[in-house]
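The values are calculated or read from the model by the stated rules, or taken from the named source; none is laboratory data. All figures in this text were calculated on a predicted structure; none of them were measured in a lab. Please note: Cβ atoms are built from the backbone with ideal geometry, for glycine as well, and neighbour counts cover all protein chains shown.
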Amino acid sequence: MPAPPTLPAPMSLLGFAAFWAVISWLLALNGWRQLAQHFRASTTPPENAATFRMLTASLRRTDDISSKVDYRGVLTLCCSPAGLGLAVLFPFRIGHPPLLVPWSAVGPVQLETGWFGNTYFTFTVGLPDETGGVEIRLMNMAAAEQVEAHQQLQQLGR
């Protein structure tokens, strides 16, 4: 019996890369794309920005409860006077351009307790066209505290 035909290794890798790109792009449809339409970063964060790498967070459009996407260990969050910077690691970047959200669009941080006593820090980014927003749920207390501190500085006019 003849062996079944196999794809050459380069074709298999190309197919996997295409599959990866499509999945990454589809995930961006649930929240990240709405943010990117209004808050795409045009510059890199300042060097003195408080930066948190490899964070776990979830994003969810406020108008669609089923749109939640988890970013487990791939999110970078930067807090600077210019705003809240968000980016994902390179392999997941397709459909996820870096973002810089002004503090005026970031809602207050709320502490939530989930099942099994998990603690979450949730805030909503409002869209300028008032078509809704995107809820961001962080699992890192230090990052949430930086978001709150920069919000307070913004309110004080600093």
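For the stretch 125-138, the set of residues classified as surrounded by fewer than 17 Cβ atoms within 10 Å (Cβ to Cβ) and at negative phi consists of Pro128, Asp129, Thr131, listed by residue number. How many residues, within the stretch 28-57, are touching a strand residue (DSSP E or B) at 6+ places or on another chain (Cβ under 8 Å) and basic (Lys, Arg)? Number satisfying all stated conditions: 2. Out of Trp103, Trp115, one residue alone is surrounded by 18 or more Cβ atoms within 10 Å (Cβ to Cβ) and over 15 Å from the mean Cα position of the chain (by Cα). It is Trp103. For the stretch 30-45, taking the residues that are outside any helix (DSSP H, G or I) and either of a type in the set (D, E, K, R) or at pLDDT below 85 (or both), the one that is surrounded by the fewest Cβ atoms within 10 Å (Cβ to Cβ) is identified as Ser42.
Selection over the stretch 46-74 of residues that are within 14 Å of the chain's Cα centre (by Cα), modelled with pLDDT under 85 and of a type in the set (Val, Ile, Thr) gives a count of 1.
In the stretch 78-94, what residues are more than 14 Å from Val134 (Cβ to Cβ) and crowded, with 16+ Cβ neighbours inside 10 Å? Of everything in the stretch 78-94, those that are more than 14 Å from Val134 (Cβ to Cβ) and crowded, with 16+ Cβ neighbours inside 10 Å turn out to be Cys78, Cys79, Ser80, Ala82, Gly83, Gly85, Ala87, Val88, Phe92, Ile94.
Report, by residue number, each residue of the stretch 83-100 that is touching a Ser or Thr at 6+ places or on another chain (Cβ under 8 Å) and small (Gly, Ala, Ser). Within the stretch 83-100, Gly85, Ala87, Gly95 qualify. Filtering the stretch 46-83 to residues that are assigned to a loop (DSSP other than H, G, I, E, B) and without any contact (Cβ under 8 Å) to a residue 12 or more places away in the chain leaves only Glu47.
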